[in-house]
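Please read the structure below before turning to the comments.
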Amino acid sequence: MMETIKNLLIEKFKFIYNDLPQKFFFAPGRVNFIGEHIDYNGGKVLPFAIDRGIYAAVKFLEKDVIQLCSNIDEKIYEIKFDDDLDQYRNTHLWIKYPIGIIQALKNQGFRFKGIAIYYWSNLPVGSGLSSSAAIEVLTAYVFYLQVKAKNQIDRVQMAILCQQVENQYIGVKCGIMDQFSVAMGKKNHFILLDTHSLEYEYIKFLFPNVSIVVINTNKPRKLSDSKYNERRTECNLSLEILQKNYKIKSLVEASEEMLNDLNSETLKKRTLHVIQENRRVQNIKQLLNSLDVSRKDLEEVLQQIGKFLYDSHESLKNYYEVSCYELDVIVEESKKISGVYGARMTGAGFGGCAIAIVDKRNVEEYIPLIAKIYRERTNLIPDVFEVQIEDGVNEL
Ligand code: GLA
């Protein structure tokens, strides 16, 4: 598999740049298992990096020029190190992500050599699997490697830099979860990340008989960025109001009793989701930690985990209001199919992807079945695929 992709990258690079690449890199996408919309509220989240993502073939150049090309449009974009990079901020082109990173590194005083990069992605763009975090972290990693050894790169700091680019340059007020997952992923492990302190631990995924399936709604996500920022504003407002009467640092510290202080139904619902979602993460953590593969009640534990996933979805649908008809159909229909333990939307919502955890014995039936039912009910053709839990960004 890897050799096939490398050969493809070499062929593409030769065709585009008329030259051979020197190095190859991969940055994964991410799936959030649970802990949705709480990474900007000080909550704990449980994401992991996946085996789909963005590859890069790279050649360092003698001339002072940065060349960027990707399989999105196969065009070469050329920028000079000293160009005014702010001008790309409002473009609708994909290059604003790598350029945002280059500008941030420049502001940190980096001085790098010329470079030609060809990006190739097998991650659906804008579908809630963090394609933007993947290209940001990938670009940062490639540029850092020009001036640092691999083990000198502080991956957490790199994730923070990428999040700042997303917040300030791209204008999406996202939390740290996506960039952190892409930078810090670990094969066969979930990352339990405390988004307030940035402390994290890896929790081994111990279910050899379970598959994680991603279902991409393929629904265009038009308003997702503005709706996302709106949710953030609502949470900030709730926090401000509660802080007048309670000593809390972030919204996850609120409790149900405090909700009466919020004078709007909307703010109450948003806050309730935040409180309960954070609790679900803690509950799943406990279940995972208590797990022993030889346990006879493994099945029961899976049912319990699955129930938390369903509850999370309900809450995102009814309280946080970031789901949509298409995601609801996937979850509702998955519930009826045998071998499915749980399902929920993953990522920001408003379209994008759902995940389902499915017994391995049933997964071959589940994939075409959910695709068929989804198509009948929505007129959209979904992409449905199993994912593996992978390492974060690396040189290949
Ligand atoms: C997007 C953001 C993340 C996070 C999720 C929702 O993926 O980039 O920071 O807020 O939505 O959990």
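The values are calculated or read from the model by the stated rules, or taken from the named source; none is laboratory data. Remember, predicted model here, so these are calculated numbers, not experimental data. Virtual Cβ from ideal backbone geometry, glycine too; neighbours counted across all protein chains shown. Protein only, heavy atoms only, side chains kept; ligands, DNA and RNA dropped before computing areas. Shrake-Rupley method; radii C 1.70, N 1.55, O 1.52, S 1.80 Å.
Cβ-Cβ distances below 6 Å connect the following pairs, each with a first residue in segment 37-48 that is within 9 Å of the ligand (Cβ to nearest atom) and in a strand (DSSP E or B), a second residue that is open to solvent by less than 10 Å² (accessible area, probe 1.4 Å) and of a type in the set (K, R), and a separation of six or more residues or different chains: P47/R30. Would you be able to say whether some residue in segment 150-164 is within 13 Å of the ligand (Cβ to nearest atom), open to solvent by 20 Å² or more (accessible area, probe 1.4 Å) and without any contact (Cβ under 8 Å) to a residue 60 or more places away in the chain? The answer is yes; a qualifying residue exists. Condition check: in contact with a His (Cβ under 9 Å, 6 or more places away or on another chain), closer than 20 Å to G351 by Cβ, in the same structural domain as I54 (by TED's automatic domain parsing) and in contact (Cβ under 8 Å) with a residue 12 or more places away in the chain. Does G126 satisfy that? In short, no. Here K173 fulfils each of the conditions (1) surrounded by fewer than 22 Cβ atoms within 10 Å (Cβ to Cβ); (2) in a helix (DSSP H, G or I); (3) within 11 Å of the ligand (Cβ to nearest atom); (4) assigned by TED's automatic domain parsing to the domain that holds N41 apart from (2). Name the residue that is farthest from E386 (Cα to Cα), counting only residues in segment 1-40 that are at pLDDT 95 or above and among the β-branched types (V, I, T). Here the answer is I16.
Here's the yes/no breakdown for (1) at pLDDT 95 or above; (2) acidic (D, E); (3) surrounded by fewer than 21 Cβ atoms within 10 Å (Cβ to Cβ):
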{"position": "N289", "(1), (2), (3)": "no, no, yes"}
{"position": "S312", "(1), (2), (3)": "yes, no, no"}
{"position": "E321", "(1), (2), (3)": "yes, yes, yes"}
{"position": "K336", "(1), (2), (3)": "yes, no, yes"}
{"position": "G342", "(1), (2), (3)": "yes, no, no"}
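Close Cβ contacts (under 7 Å, 6 or more residues apart or on different chains) running from residues in segment 93-106 that are under 19 Å from K75 (Cβ atoms) to residues that are open to solvent by less than 20 Å² (accessible area, probe 1.4 Å) and outside any helix (DSSP H, G or I) comprise W94/S70; I95/L68; P98/L68; I99/I79; I102/I66. Collect the residues in segment 103-126 that are open to solvent by 40 Å² or more (accessible area, probe 1.4 Å), under 22 Å from P21 (Cβ atoms) and outside any loop (DSSP other than H, G, I, E, B), keeping them in residue-number order. Residue satisfying the conditions is W120 alone.
Whether a residue is closer than 21 Å to S315 by Cα and out of contact with any Asp or Glu (no Cβ under 9 Å at 6 or more places or on another chain) was assessed, and V281 passes this test. For segment 186-209, residues that are assigned to a loop (DSSP other than H, G, I, E, B) and within 15 Å of the ligand (Cβ to nearest atom) total 3. When segment 8-36 is limited to residues that are of a type in the set (K, R) and over 30 Å from L237 (Cα atoms), the one that is farthest from the ligand (Cβ to nearest atom) turns out to be K14.
Among the residues of segment 129-148, those identified as open to solvent by 10 Å² or more (accessible area, probe 1.4 Å), more than 16 Å from L68 (Cβ to Cβ) and not hydroxyl-bearing (S, T, Y) are L145, V147, K148.
Would you call D73 outside the structural domain of F308 (by TED's automatic domain parsing), without any contact (Cβ under 8 Å) to a residue 12 or more places away in the chain and either within 16 Å of the ligand (Cβ to nearest atom) or not in a strand (DSSP E or B) (or both)? No, not satisfied.
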